[in-house]
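Below: the structure, in structure tokens.
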Amino acid sequence: MFFKSRVVTKTMKSKPFGAIFGLLALVAILGVAPAFGQTASDVTIVSGAGASASAACVATNNCFSPSPLTVAPGTTVTWTNTDTVSHTITSGKPTDNDAGSMFDSGLVKPTKTFQFTFANATAGTVNYFCTVHPWMVGQVIVSGAASSTPATTTAPADNATVPEFGPVASIVLAIAVLSVVVFAAKTRVIPRL
């Protein structure tokens, strides 16, 4: 005689887990992506730039690399000193009487950074140089869509620059992945998004 058996399995409702996963994934994506409407560009002060006026980067005009750098108004430019000596990032040309009137970093030690946000008023070509090593020159060309962001300057920091949401994003992303793994293990179903 054969017995008919009926297997009853309980399944968890996936909506709460799906909602939590979706929320955590959204937070992680927003944390990794730059803030809406803001852009950033990096300029490197090349190693050996301060050695002498006959340094290799002087002939190729890339002691500040890249130069020129083209950005939209409202862009924050970060200069990073990868040389072994201190430098400045000073607006203008070495022969200008008003050099440094837009921005002047002061001395930026090796491995440190300086930031400046280029606003509407700075549309056009902005020359800059190092006051300690005046043969080091660069340009930022500001063009494109207008922005209402005012110009701001950030002095060289003694600690490393941390991007917005940087450490938090990786933690949230790890939690989101872990929640999917736990959900899949408990329900033996891979969630559909």
request  = Tell me which residues, restricted to the range 81-136, are hydroxyl-bearing (Ser, Thr, Tyr), farther than 15 Å from residue 64 by Cβ and touching a Lys or Arg at 6+ places or on another chain (Cβ under 9 Å).
outcome  = none
query = outside any strand (DSSP E or B) and out of contact with any Ser or Thr (no Cβ under 6 Å at 6 or more places or on another chain): does that describe residue 135?
reply = yes
ask   = Among the candidates 174, 169, which residue alone is in a helix (DSSP H, G or I), surrounded by 12 or more Cβ atoms within 10 Å (Cβ to Cβ) and at pLDDT below 70?
value = 169
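The values are calculated or read from the model by the stated rules, or taken from the named source; none is laboratory data. Remember, predicted model here, so these are calculated numbers, not experimental data. When we count neighbours, we look across all protein chains shown, and the Cβ atoms used for this are built from the backbone with ideal geometry, even at glycine.
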